[in-house]
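One structure below.
The values are calculated or read from the model by the stated rules, or taken from the named source; none is laboratory data. A quick note: this is a predicted structure, and the numbers were derived from the prediction, not measured. Every residue, glycine among them, receives a Cβ derived from its backbone with ideal geometry; neighbour counts consider all protein chains shown.
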Amino acid sequence: MKDQNTFLFEEFERFRKSKCFYQIMIGIGFACFIIGWVFSSIIFCFLCFPIVMISTFLLTRLQRKMKEQLGAPLVRKALSMVFDRVEYRPFDRLPDHVMCLQQLNLPFDVDRVEGSDYTHVLYKGMDLKFSDIKLIDRRSSGKNTTYVTVFEGLWLVCDFHKQISGEILLQEDNRSGFRFFDKLGHRGQVIETENEAFNKKYLIVAENEHDAFYVLTPHMMEYIEEMDARGGGVSYMRFTPEGKAYIAINSGKDLFEVDSKTAPDMMIEKFLSEIYYVTGLLDTLHLSE
Amino acid sequence: MTFVYIAIAVVVVIAVWAISTSNNFKRAKIKIDEARSGIEVALTKRYDMLTKLLDVAKGYAKHEKEIFAEVINLRKGMSVQEMNRASSQMDEMAKQINFTAEAYPELRSSEVFATLQKGIMDAEEHLQAARRVYNSNVSRFNTSIVVFPASLLAKGYTAEEFFEAESHKREDVKMSF
């Protein structure tokens with residue numbers, strides 16, 4: 001009986017060859033289309049069109065299959081090396097009631113939410129859920145409608161052990177602050193800490209001033225700045241009286257993507273480094289303490 | 001006639017500014033009072049936790065005579081100096097309890113002691129937050145009453161006192177290798 005690694009390597013080779021074939025087919029299709037266009041042969045152009053379409057469809061299906069059959073077992077393996085209890089669903093995202101998109105008061109409109117790599121784990125006794133999230137806004141001007149990705153990155157929900165009486169929202173991009181405050185309405189007040197640099201960089205809105213100072217200790221403010229530097233994108237945070245912390249980082253990063261150029265053993269290393277990116281954020285914030 | 005309109009407009013603008021500035025001072029004062037009562041609440045919470053811990057410690061350290069004899073007076077409407085003094089006394093009390101706990105390992109390892117220690121840490125964090133809220137409000141108020149032109153309307157107001165950090169926390173950290 002073949003062992004797991006040999007099977008994975010064989011599968012990987014098979015996927016890699018198929019992917020290469022479909023890519024070549026798409027290339028050939030395009031090349032023929034251009035040749036047909038140059039020599040004004042409409043029939044030739046029409047013949048090439050199905051080749052490109054079918055190859056693209058098969059390539060997309062293959063990539064999904066790769067993620068499911070090759071990526072998912074490797075991701076689960078990498079996750080169980082770091083976390084205690086692992087639940088991973090490659091094609092699901094955080095459900096809406098877990099994400100609490102509206103409550104995070106993001107400074108842009110969102111029409112559609114997409115995502116993948118739903119992960120639910122236990123990290124240092126802390127319940128942790130995260131996934132890749134893509135937020136898309138539909139913008140219309142006259143007859144033209146465009147879809148703009150306004151957020152792409154990590155969405156993370158975890159336990160937060162400090163008891164507070166009201167919500168605290170924190171947003172890195174201070175320029176859009178006015179709208180952020182508007183959305184929160186009468187419930188919140190803009191908080192200014194004693195740290196001028198922090199005030200300039202972040203907009204803090206809280207229902208209770210004392211809570212904001214209780215959560216945002218001088219150390220915590222340093223940790224947040226450090227986490228932002230690690231995160232590599234604009235971040236949004238929310239702390240709730242229900243003991244949850246919501247962190248969204250618009251980093252453009254896509255976690256746990258299967259790459260046909262990386263061998264399975266190297267892929268585990270890649271996934272592990274992505275997991276350490278997530279745990280690094282939590283450790284930097286000292287949320288598990 | 002135009003001159004009269006301009007004069008009226010200027011008077012109205014000045015009146016609006018004066019009313020809003022004066023109200024801002026009052027609002028800032030109220031916020032300072034609220035923040036001060038926040039410190040009182042945090043101090044009371046910390047004191048309650050320390051008293052409970054003290055009772056537990058006394059149960060273990062029966063042979064120690066006259067430990068923790070100092071009485072800490074907490075009341076409503078304390079001045080900043082009084083709150084500072086009470087806070088320092090509580091620091092001293094916490095230090096003494098920890099010192100006693102060093103000598104009684106069974107006290108240190110007891111579950112009640114650990115729970116109360118956690119509670120005290122949380123109370124201290126709340127106190128620190130309340131102190132920072134108060135100081136940030138005082139800082140804003142003190143700045144507003146000296147800045148021109150608002151300072152013209154701030155004749156009846158005096159600068160508020162800051163709630164200082166505990167003296168031992170301001171000292172240089174001594175490190176020995």
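Miscellaneous remarks
- The numbered conditions (1) modelled with pLDDT under 90; (2) in contact with a strand residue (DSSP E or B) (Cβ under 6 Å, 6 or more places away or on another chain); (3) within 13 Å of another protein chain (Cβ to nearest Cβ) are all true for A:Ala212 except (1).
- Flag set for A:Lys162, criterion: modelled with pLDDT under 85, surrounded by fewer than 19 Cβ atoms within 10 Å (Cβ to Cβ) and either within 14 Å of another protein chain (Cβ to nearest Cβ) or assigned to a strand (DSSP E or B) (or both).
- Check on A:Leu79, in contact with a Pro (Cβ under 9 Å, 6 or more places away or on another chain), surrounded by 14 or more Cβ atoms within 10 Å (Cβ to Cβ), assigned to a helix (DSSP H, G or I) and in contact (Cβ under 8 Å) with a residue 60 or more places away in the chain: no
- The numbered conditions (1) modelled with pLDDT under 90; (2) in a loop (DSSP other than H, G, I, E, B) are all true for A:Leu94 except (1).
- Listed by position, the helices (runs of 4 or more DSSP H) inside region A:193-279 whose residues that are under 23 Å from the mean Cα position of the chain (by Cα) number at least 2 are A:218-231.
- Of the residues B:Phe25, B:Phe99, the single one that is hydrophobic (A, V, I, L, M, F, W, C) and modelled with pLDDT of 85 or more is B:Phe25.
- Given (1) modelled with pLDDT under 85; (2) outside the structural domain of A:Gly166 (by TED's automatic domain parsing); (3) surrounded by fewer than 19 Cβ atoms within 10 Å (Cβ to Cβ), number of the condition A:Ser273 does not satisfy: (1)
- For region B:89-137, a residue qualifies if it is within 11 Å of chain A (Cβ to nearest Cβ) and either closer than 18 Å to B:Lys31 by Cα or not in a helix (DSSP H, G or I) (or both), and the qualifying residues are B:His126, B:Leu127, B:Gln128, B:Ala129, B:Ala130, B:Arg131, B:Arg132, B:Val133, B:Tyr134, B:Asn135, B:Ser136, B:Asn137.
- Among the residues of region A:99-121, the ones that are touching a strand residue (DSSP E or B) at 6+ places or on another chain (Cβ under 7 Å) and not in a loop (DSSP other than H, G, I, E, B) come to 13 in all.
- Residue within region A:252-259 that is among the acidic types (Asp, Glu) and either within 26 Å of A:His161 (Cβ to Cβ) or within 14 Å of another protein chain (Cβ to nearest Cβ) (or both) present: no
- Test: residue in region B:57-80 that is at pLDDT 80 or above and under 23 Å from the mean Cα position of the chain (by Cα): no
- Of all residues in region A:215-240 being in contact (Cβ under 8 Å) with a residue 12 or more places away in the chain and among the hydroxyl-bearing types (Ser, Thr, Tyr), the one that is nearest to A:Gly153 (Cα to Cα): A:Ser235
- Look at (1) in contact with a strand residue (DSSP E or B) (Cβ under 8 Å, 6 or more places away or on another chain); (2) acidic (Asp, Glu); (3) surrounded by 12 or more Cβ atoms within 10 Å (Cβ to Cβ) and you find that A:Asp96 fails only one, number (3).
- Selection status of A:Phe57, closer than 19 Å to A:Lys17 by Cβ and free of Cβ contacts under 8 Å to residues at least 40 places away in the same chain: yes
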